[in-house]
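Below is one structure, written out as structure tokens; the observations come after it.
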Amino acid sequence: MQTQLREYVADREQLAAALAHDLRTPLTRIRLRLELLRKSQLRQSLMHDLNDIEAISRSVIDFATYEIVDEEQEKIDFWSLVDSIADNYPQVSFDKASLVSRGMICIGRPIALRRCVTNLVENAVTYGTKAHVSLAQSGSDILLTIRDEGPGIPQAKLDEVFQPFRRVETSRNRQTGGFGLGLTIARNIARRCGGDITLENDVKGGLRAELRIPRLT
Ligand SMILES: Nc1ncnc2c1ncn2[C@@H]1O[C@H](COP(=O)(O)OP(=O)(O)OP(=O)(O)O)[C@@H](O)[C@H]1O
Ligand SMILES: [Mg+2]
């Protein structure tokens with residue numbers, strides 16, 4: 001049993017996926033039963049809790065399966081990728097001045113990379129209201145910088161927030177709604193294509209997230 005357990009733990013992604021998947025059936029049953037109850041304060045608050053459990057379980061499935069999906073690597077025009085993401089957010093300004101960054105190509109999985117950048121942009125918009133995005137060439141890397149106008153992250157927590165389910169206390173409220181997986185996923189994706197993500201508090205205030213990806217030369 002010990003060995004079996006160790007094998008399971010070694011394959012924790014699979015385990016998390018299976019667990020989250022198996023939770024779905026009883027959760028659906030509970031939802032149906034709750035709907036049969038008379039409207040009341042209790043039903044209301046149980047529904048609320050159930051919504052939370054379902055959302056957590058969805059995000060765990062997401063987290064556990066995003067690497068299993070096998071997506072082929074391909075050449076990606078990084079400028080176009082960032083531009084199309086920025087287009088979806090009115091709070092984002094994309095500094096297009098740096099023409100040198102146009103036409104920079106990297107090798108990666110397009111859906112994953114889109115998710116990586118989106119997670120960073122979403123954090124900037126959620127916690128920092130506005131995001132200033134710029135793209136540059138840095139040595140043999142493509143360097144994406146996202147600076148926001150929020151409170152930043154306490155210095156001592158800058159590493160910690162990359163851990164799964166880790167959130168800074170002040171943002172632990174329902175409005176922001178996350179589960180603390182966005183940065184974990186984004187960093188995993190960046191590292192898988194030979195890059196990385198770093199966070200620092202900008203001298204002008206706000207958080208500054210940098211994503212580096214090797215450029216195809
Ligand atoms: N731009 C930012 N400004 C301030 N705090 C931030 C910023 N980005 C991330 N954080 C802090 O880091 C925590 C972890 O971020 P992460 O993206 O991993 O998870 P999340 O946003 O809470 O949830 P989700 O899984 O939906 O992304 C956030 O909860 C927040 O406290
Ligand atoms: Mg997030």
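FYI, it's all coordinate maths here, none of it is from the lab. Worth saying up front: this structure is predicted, and the values here are computed from it rather than measured. We place every Cβ from the backbone using ideal geometry, glycine too, and count neighbours over all the protein chains shown.
Things to note:
- Gain upon complete extension [Asp52, Ile107; 0.36 nm per residue less C-alpha separation]: 16.1 nm
- Shown in residue order for the range 148-153 are the 3J(HN,Hα) couplings computed by the Karplus curve 6.51 cos²θ - 1.76 cosθ + 1.60 at θ = phi - 60°: 10, 10, x, x, x, 10 Hz (x for Gly and Pro).
- Cα→Cβ-extended label distance, 7 Å offset, between Ser45 and Ser93, nm: 4.6
- Relative contact order (%) - criterion: Cα under 8 Å, at least six apart; region: the range 74-214: 25
- A Förster distance of 30 Å, applied to the separation of the beta-carbon atoms of Ser84 and Leu19, puts the FRET efficiency at 0.30.
- Loop-located trypsin sites (Lys or Arg not before Pro) in the range 47-153 whose Cβ has at most 15 other Cβ within 10 Å (DSSP): Lys96, Arg102
- Couplings for the range 183-193, taken from phi via the Karplus curve 6.51 cos²θ - 1.76 cosθ + 1.60 with θ = phi - 60°, read 6, 4, 5, 4, 5, 4, 5, 4, 5, 5, 9 Hz in order; Gly and Pro are left as x.
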